[in-house]
Amino acid sequence: MRDTPAAAPSGRRRWLYLLPVGVFLVLAGIFALQLADPPGQVLPSELIDRPVPEFALEPLPGRGRPLTSEHLKGEVSLVNIFGSWCVACVQEHPFLVDIKNTGDVPIHGIDWNERNPEDGMKWLQRFGDPYDRAGLDPDSEVAIAFGVTGAPETFVVDRNGVIRYKHSGPITPTVWSKTLKPLIEDLRRQ
Amino acid sequence: MITYMVPELGHFALVLALMVSLVQSVVPLVGAQRGIPEWVALARPAAVVMFILVTVSFVCLTWSYVVSDFSLANVAANSHTDKPLLYKISGVWGNHEGSMLLWVLILAVFSLAVAVMGGNLPPGLKARALSVQGMITTGFVLFILFTSNPFVRLAQVPQNGEGLNPLLQDPGLAFHPPMLYLGYVGFSMAFSFAIAALIEGRVDAAWARWIRPWTLVAWVFLTLGIGLGSWWAYYELGWGGWWFWDPVENASFIPWLAGTALLHSAAVVEKRDTLKSWTILLAIITFSLSLLGTFLVRSGVLTSVHSFASDPTRGIFILLLLIFTIGGSLTLFAIRAPALKGGGLFAPVSREGSLLLNNLLMSTAAATVLLGTLYPLIAEALDLGKVSVGGPFYNAVFVPLMVPMIAAMAIGPLLGWKRGDLPGALKRLWLAAGLSAAAFAATFVVVGGGLDEVMGAFGMALAVWLAVGTLVEYAERIKLFRLPLGRSLSKATSLPRSAYGMTLAHFGLALVIAGITASSCWKVEKTQTMALGETVNVAGYDFTLTGVELTDGPNYSSLTGTFELSRDGKPMGLMTPERRVYDTPPMPTTEAAIHTTFLNDLYAVIGEPDDQGRYVTRLYFEPLVPWLWYGCLVMAAGGLLSLSDRRYRVGAPRRAPAGDAAAQPAE
C-alpha cells in the first residue's frame, strides 16, 4: 500500500464496490425464501393421528417430574419442544405461562439439544416454568422420533396418547384461541 | 369529556406525520437536484412539523398508559392499574408497537436537530440529508400504521390489563431501550449524510466534521445502553453473569463495533481527506446493522424463521423495509462511490494506517458477531440442521481479533499523520511494556501460576499496556517531565477537549478489559442449601445466613434472606437478597444482593426453602466486575468530553480545500 492512494479506485477494483450490495442481496434472498415457504407449514408431521413414540426421559436437574410416553395417556395435553438456546421460545414463553395459570390444559416440556443439562433449568428459573412434566432430550432421540423440525414446536396429544396436531413456531394468542383451544375442547368431548 | 378521544388524536397525528414525511422525502430532494430554493427551504419546516406531530402521537399513547385506558389493545396487553407510575410510562416502549413509536420519535428529534442546528451547513447537503431522514420516517410510520399500530381499540374493554413482565419492572431496564434507540437512531444521521454526499458526489473534511459529533452522540448513547443492559442482566437475572452472547445483546453490540470503526475513519476523512468511500460504506453499514438490531430486539423477527411464519405481514413488511433502505443505499454506493476522489496519501505505518487497522479489525469483529447471530437462521434456511452458536464460538474468534487491536491501540496515537515513526513510538512505550510485563508476572504469582492462568495474566497485561500507553501518549502531548511542570500544565489546559476525550475513552476500555479478564478467569461460584446460622466461605469471604423474612410489596410477595458478610472475622456489612413472586402475571424473580468493594463484587442469591427448612443459596465472588461499569462510564464520559470540543460547538466551517483541513492540529 506504500504511497498509493487508499481510496482511488482503478477499473479492476470496481467490483469491490458491488460486493456489499451483493452480500446483502444473498441475505435478503434467504429471508425471502423462508418467508415464502415457512417450514412448519410445508412439512406436516408424519406422526399426525399416530400414537406418540415410546420414550422415557430424565427429569431436568433438580426439578423432578420426568416425562415418559405413558404420562401422555389419560388426558388431553400439549407437548412443547423448547431449549434455552432457542430465542423464539423466549418470545413464546410468557404466553405458555399464561396458559398454565388458566389451567386450561397441562403442558409437558421436552428440553431439546442442551449443551449442559442445567441450562434448561436455569432458563426456566429465569423466564418461569409453565410445565407439568418435563424431560431432558440432549441427544435429540425423542425429538427425532417426534419429527421435530425446529423449536419451539408444540404437539396436541389426545387422551389415548395419539398425536392430533402439530404447531411449528411460537404459540401466539391468535393461534391459541383460533386453533389450539377449540381443538382441545373438541378432543375432550370425543 | 373529550379525553376519551385521546388515542384517536394520537392515531390521527401519526397519519398526518406520514403525509408530512412523504413531503419531506420528496420535495427538498427534488428541489436540491433541480436548483429550486423554495423547495429546498421546505426541508426545515417539514422537519419541525414532523417532530410536533410525532410528539403529539407519543404523548397521547403515554397518556393512555398513565390513565390505564384498557380500551387500547396495546395498553391492555402491557399495563396494569397496580403498576407504579414509572413502569406504566416505561411500559409504553416495553412492547413492540410502542417501541416502534419511540423509535420514530427519536428519529424526529434528530431530524429537528439537523433542521434547527444545521444553519451553517450547505443548503443542498442539508436538504438532501433531511429528505433521506424523511424517507426513513416514512418507512417506519407506514410499518407502524399497517402492521404494528398501538392505537388499535378493543371491542370489549377488559377489567384490568395483563400486566408487564415483572423482569421489566426495573429502573435499569426502563431506561435501557431509550438509550439503545438513541444510539441506533443516532447513526441515522451519519447514514443520511452519507446518502446525501453520494447523491452530491462529494465528500470532504467539512462533511466529516459534521457527521463526527452525531456519530459520537449515537456512540455515547449506545455505549451507555449496552452497559446498562449488561448491568441489568448482572443484578437482575441472578446468575452472576453480565454477558450471554445472546442475539438480543449481539444486536446492540454489532452496531457498536461498526459505529466505533466509523468514528475513527471519520477522523481520517476530517484530518486527512482520505478513506472516503470506506467511511461512507461504514456509515451505511452501521445504520443498517442498527435497523437489524431494532427488529431483532423488539419483534424477534429475525431470530427464527418460525417467528416469520407466526406473523407473515410484519415479516414481509420488515423485509421490504430492509431491502429498500439497505439494498437501495448499497446500490447507490456501488454506483456513485467509485467516482469519489481519493485524497491524501499515507504510508502503512502512520496514524492513518493505525486507524485503518482499527477499522479492519472492528469491522471483522462486527461481521463475525453478525455471522454468529445469523448463522442458526441461515443453517435452518439451507437445511443444515439445528445449530446453536454460543460463548465458545465468540470467545474463539473475538479474542484473537481484539488482541492485536488493543496492542495497536497504544501505539497508534503516538504515530504521526502520513508517515509514522514506529521504533520511536515503541521506544516511548517502554514504561507501558515494562508495567505490562510486571502485571503479567504479578497476576501469575497472585493467582497461583498454573498453565491455565496464562490467558488471564495475558489479559491483565493487555489492560495495563493499554492504560499505561494511553497515559504515556497524554504525557507526551503535554511534554510532561521534558518541560518545566508549569509549562506542561499550561499545555494541558490548552489541549483540545477531543484529545482528552480520546484519552478517557481508551483508558475506559482498559478498565473494561481488566474487568472482563478477571471476571471470566477468576470468578468463584458456590451453590448449596444453607440452614439458618450456617456459614459458607467463598474466595476468602464468609457468608452467614442469619435470617429469612416473608414480606409483601405493592404487587409482589417476597422472601428476603439476610447474610452477614465478613472477611477474616472482620464484619463487612449485611446483604439482603430477595426472591419475589409477582401477582400479574405470577412470575418469580430474583433480586440479587451485591456488595461492592472498589475491586470486587460479592453477590448473593436466595432461593426457595426445601422441606427441611434449608434454603438454596448461590454465592459468587466476582473479581473486578465493578470495573466493567466504571469503564463504560469512563468511555461514555470521554465521548461527551470530545463532543464539547470547541470546533464542534463552533460548527463545521464552509467547505474548504483539502489542504486546509490537513493543517488542523493532530488529535
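Here are a few things to note about the model shown:
- Check on residue B:565, more than 31 Å from the chain's Cα centre (by Cα), of a type in the set (A, V, I, L, M, F, W, C) and in a strand (DSSP E or B): yes
- Selection status of residue A:181, of a type in the set (Lys, Arg), farther than 23 Å from residue B:376 by Cα and either out of contact with any Phe, Trp or Tyr (no Cβ under 6 Å at 6 or more places or on another chain) or touching a residue at least 24 places away in the same chain (Cβ under 8 Å) (or both): yes
- Residue count for region B:51-100, restricted to those that are aliphatic (A, V, I, L, M) and over 21 Å from residue B:5 (Cα atoms): 3
- Qualifying helices (runs of 4 or more DSSP H) (wholly inside region B:68-131; at least 2 residues being farther than 18 Å from residue B:177 by Cα and touching a residue at least 40 places away in the same chain (Cβ under 8 Å)): B:73-78, B:96-117
- Condition check for residue B:225 on (1) in contact (Cβ under 8 Å) with a residue 60 or more places away in the chain; (2) closer than 23 Å to residue B:508 by Cβ: one failure, at (1).
- Where residue B:230 falls short, out of the listed (1) buried (at least 23 other Cβ atoms within 10 Å of the Cβ); (2) under 14 Å from the mean Cα position of the chain (by Cα): (1)
- The listed residues are B:239, B:243, and the only one of them that is of a type in the set (Phe, Trp, Tyr) and closer than 29 Å to residue B:357 by Cα turns out to be B:243.
Quick grid of which residues meet (1) surrounded by 17 or more Cβ atoms within 10 Å (Cβ to Cβ); (2) at pLDDT 90 or above:
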{"position": "A:31", "(1), (2)": "yes, no"}
{"position": "A:37", "(1), (2)": "no, no"}
{"position": "A:73", "(1), (2)": "no, no"}
{"position": "A:82", "(1), (2)": "yes, yes"}
{"position": "A:89", "(1), (2)": "yes, no"}
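Yes/no matrix, rows are residues, columns are (1) at pLDDT below 75; (2) among the β-branched types (Val, Ile, Thr); (3) within 15 Å of residue A:87 (Cβ to Cβ); (4) within 20 Å of the chain's Cα centre (by Cα):
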residue	(1), (2), (3), (4)
B:357	no, no, no, no
B:364	no, yes, no, yes
B:371	no, no, no, yes
B:374	no, no, yes, yes
B:379	no, no, yes, no
B:384	yes, no, no, no
B:387	yes, yes, yes, no
B:392	no, no, no, no
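- Taken residue by residue, region B:397-405 has at least one member that is touching a helix residue (DSSP H, G or I) at 6+ places or on another chain (Cβ under 7 Å), over 30 Å from residue B:476 (Cα atoms) and at pLDDT below 90.
- Of all residues in region B:457-483, those satisfying the criterion of being modelled with pLDDT of 85 or more and of a type outside the set (A, V, I, L, M) are B:458, B:459, B:465, B:469, B:470, B:473, B:474, B:476, B:477.
Per-residue answers, yes or no, for (1) over 16 Å from residue B:276 (Cα atoms); (2) within 11 Å of another protein chain (Cβ to nearest Cβ):
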position: B:332; (1), (2): no, yes
position: B:338; (1), (2): no, yes
position: B:345; (1), (2): no, yes
position: B:350; (1), (2): yes, yes
position: B:361; (1), (2): yes, no
position: B:365; (1), (2): yes, no
position: B:369; (1), (2): yes, no
position: B:382; (1), (2): yes, yes
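Yes/no matrix, rows are residues, columns are (1) in contact with a His (Cβ under 9 Å, 6 or more places away or on another chain); (2) within 30 Å of residue B:160 (Cα to Cα); (3) among the basic types (Lys, Arg); (4) buried (at least 24 other Cβ atoms within 10 Å of the Cβ):
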site: B:15; (1), (2), (3), (4): no, yes, no, no
site: B:26; (1), (2), (3), (4): no, no, no, no
site: B:36; (1), (2), (3), (4): no, no, no, no
site: B:73; (1), (2), (3), (4): no, yes, no, no
site: B:79; (1), (2), (3), (4): no, yes, no, yes
site: B:86; (1), (2), (3), (4): no, yes, no, no
site: B:89; (1), (2), (3), (4): no, yes, no, no
site: B:93; (1), (2), (3), (4): no, yes, no, yes
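- Test result for residue B:155, of a type outside the set (Ser, Thr, Tyr) and in a helix (DSSP H, G or I): no
- One residue alone among B:72, B:42, B:85, B:101 is among the aliphatic types (A, V, I, L, M) and under 26 Å from the mean Cα position of the chain (by Cα), and that residue is B:101.
- Qualifying residue in region A:113-126 (condition: more than 8 Å from chain B (Cβ to nearest Cβ) and basic (Lys, Arg)): no
- Failed item in (1) of a type outside the set (Ser, Thr, Tyr); (2) without any contact (Cβ under 8 Å) to a residue 24 or more places away in the chain; (3) surrounded by 18 or more Cβ atoms within 10 Å (Cβ to Cβ), with residue A:64 passing the rest: (3)
- Selected residue [part of a loop (DSSP other than H, G, I, E, B) and either surrounded by fewer than 20 Cβ atoms within 10 Å (Cβ to Cβ) or modelled with pLDDT under 85 (or both)] from B:249, B:162: B:162
- In region A:71-106, the residues that are over 19 Å from residue A:189 (Cα atoms) and away from every other protein chain (no Cβ under 14 Å): A:71, A:79
- Filter result for residue B:558 (of a type in the set (Ser, Thr, Tyr) and part of a strand (DSSP E or B)): yes
- Identity of the residue in region B:599-622, touching a helix residue (DSSP H, G or I) at 6+ places or on another chain (Cβ under 9 Å) and among the hydrophobic types (A, V, I, L, M, F, W, C), that ends up nearest to residue B:524 (Cα to Cα): B:621
- Filter result (within 14 Å of chain A (Cβ to nearest Cβ), under 14 Å from the mean Cα position of the chain (by Cα) and polar (S, T, N, Q)) within region B:234-272: B:250
- The residues on offer are B:217, B:203, and the sole one that is surrounded by fewer than 24 Cβ atoms within 10 Å (Cβ to Cβ), of a type in the set (Val, Ile, Thr) and not assigned by TED's automatic domain parsing to the domain that holds residue B:588 is B:217.
The values are calculated or read from the model by the stated rules, or taken from the named source; none is laboratory data. Since the model is a prediction, treat every value here as computed from it, not as a measurement. Because the Cβ atoms are built from the backbone with ideal geometry, glycine has one as well, and the counts that use them run over all protein chains shown.
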